[in-house]
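Data block below; observations after.
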Amino acid sequence: MHLQVDQTFIIRGYQCHKSDRQDRRKRGVLTLVKNNIHSIEKQTHMDGAEYQLLKLQTDSTNIQLLNYYCPNDKPQNLNTIQVPATNFIAAGDFNSYSQSWGYSHIDRRGEEVETWQDDPSLILISAPSDTPTFYSRRWHSSSTPDLSFSTSDISGLICREIGDQLGGSDHRPVFLTIRRVTINTGPAITRWNYKKAKTGNSS
């Protein structure tokens with residue numbers, strides 16, 4: 001599906017954040033957020049690499065989400081991304097090679113991604129042995145250009161799953177599920193074990 005610049009995208013129950021590509025009348029970056037989650041676009045970049053940085057707020061937490069796409073012939077512009085210290089998730093098509101995410105070698109773009117990842121200490125949410133996210137019908141080969149990262153404070157709460165290919169897309173959907181952890185910060189309630197309490201007879 002390719003939306004024109006003046007077209008909108010509507011799905012019931014979701015907010016649409018759409019950023020159009022500057023040098024074409026089609027394509028760009030689109031992020032859908034459920035209506036019960038407050039969302040604000042903090043940063044948008046559409047020159048070279050294309051991305052949206054959103055702040056998502058629920059009753060229990062705030063998360064900043066980066067939706068990223070970089071064509072393989074464009075600069076990655078990773079140093080322009082405003083990465084916070086905590087509660088951050090980055091996901092998208094980085095079009096880069098590294099053994100860390102399943103390729104047989106690392107290229108210049110992969111080195112750039114790894115350098116960007118190390119600077120703010122982002123955690124890669126995948127393993128080299130995971131199911132590839134992309135299948136080329138032309139070359140009959142599989143690879144993993146779609147990557148996910150997070151800050152270390154929430155990396156242990158995120159589960160990543162690869163779904164089946166949908167429609168005519170070459171990419172498989174990537175599902176990131178964040179486990180909610182509730183911490184009881186209220187005062188402890190004293191409980192008595194009456195079965196173990198000693199009793200005596202009064203005379």
- Query: If the cut-off is a Cα-Cα distance under 14 Å, which aspartates and glutamates reach residue 74, setting aside same-chain residues fewer than 8 apart in sequence?
  - Reply: 23, 47, 50, 93, 112
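Mind sorting 41, 114 by how few other Cβ atoms lie within 10 Å of their own Cβ, fewest first?
41, 114
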- For residue 18 and residue 104, what is the calculated FRET efficiency with R₀ set at 45 Å and r taken between the beta-carbons, to the nearest 0.05? 0.80
- About its Cα centre, segment 20-147 carries a charge dipole, from +1 on Lys and Arg Cβ atoms and -1 on Asp and Glu Cβ atoms, whose size in debye to the nearest 20 is 600
- Item | Separation of alpha-carbon centers, segment 140-175 and segment 71-119, rounded to whole Å | 14
- Query: To the nearest 0.05, how large is the calculated FRET efficiency for residue 80 and residue 33 if R₀ is 22 Å and r is the Cβ-Cβ distance?
  - Reply: 0.45
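Computed from the coordinates by the stated procedures, all read-outs in this text should not be read as laboratory data. Computed from a prediction, not measured in an experiment: that's the story for all the values here. Methodologically, a virtual Cβ is constructed for each residue, glycine included, from the backbone with ideal geometry; neighbour enumeration extends over all protein chains shown.
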